[in-house]
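To keep things clear, I will list the structure first and then write my remarks on it.
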Amino acid sequence: MAESEGQQPRPDAVLDLDRVTFRRNEKEILHGISFTVRAGEHWALLGPNGAGKSTILGFCGAVTHPTTGTVDVLGRRLGRVELQALRRRIGHVNPRHPLRSPLTVREVVLTGFTGTIETPLRWQPTEEQLDRVAKLLFTLRLDRMADERWPTLSQGERGRTLIARALVHNPALLLLDEPSTGLDVAAREQLLETVDELDVIAPELAWVLVTHHLEELPISTTHALLIADGSVVAQGPADAVINTENVTAAFQHDIRVSRHDGRWSARAGRASR
């Protein structure tokens, strides 16, 4: 990994990518990506399938290293830090959570402390951990289903449970990887309401949400990074980035973008039909 000599992590940045490239099998997938996320900012990472969103999210989660450029997560530079310790300070919500056991909602949230899918053999939570989970379940209105088991939960209930799981460590950075995948309209809206509530629950929390559907963006979105073919199309405050011109350029299709009651929507332009 190449780095700029003398360049130090920005003290005010939760996440900072600087001129990042990434190659896989001799093919360059990302081309000079730069953006900075600060405390309390809520970023949408938008782009068509294959644009490079998942690769960027891998940098954000301290899972992937860049080929060139630098990635600083929570003030620590990838390549100079012990990754497991860093990952414990990052919350991650993945709707494809591969749990197979019939754990209860409470038990699923507790696995956020161990960083595992299943409850580790012979592991027992402390009273402090149990108290933390109880408070989160109450705050996210999951307390009445704390003893419900994972296989019986709806997709929306699973999504909210995974948000609680991601918050157990009071992370400074939360990553939401297409959290509305597989949800019907009602479940999607409940999940997005929960994400919006994080503004009150944890006002300093920064989050990055990956999607390719504008309808899946929470009202609380403050910034956006729009990418296509591994390059930045536009980035900055959400109102300035998420518009007809930029979305049309990223998706290479005439897309009309509108916003009502704080939520975005998109549809094909007349010339595309």
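Report those helices (runs of 4 or more DSSP H) wholly inside region 166-273 carrying at least 1 residues which are within 15 Å of the chain's Cα centre (by Cα).
Working: elements: 185-201, 238-241, 244-251.
Output list reads 185-201.
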Filter region 211-228 for residues that are aliphatic (A, V, I, L, M) and closer than 11 Å to residue 45 by Cβ; which is surrounded by the fewest Cβ atoms within 10 Å (Cβ to Cβ)? 226
If residue 89 satisfies every condition in (1) touching a Gly at 6+ places or on another chain (Cβ under 8 Å); (2) touching a residue at least 40 places away in the same chain (Cβ under 8 Å); (3) basic (Lys, Arg) but one, which is the exception? (1)
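Bear in mind these aren't lab numbers, they're just calculated from the coordinates by the rules spelled out. Here the structure is a predicted model, which is why all the values come from computation and not from measurement. Here the Cβ is made from the backbone with ideal geometry for all residues, glycine too, and neighbour counts use every protein chain on show.
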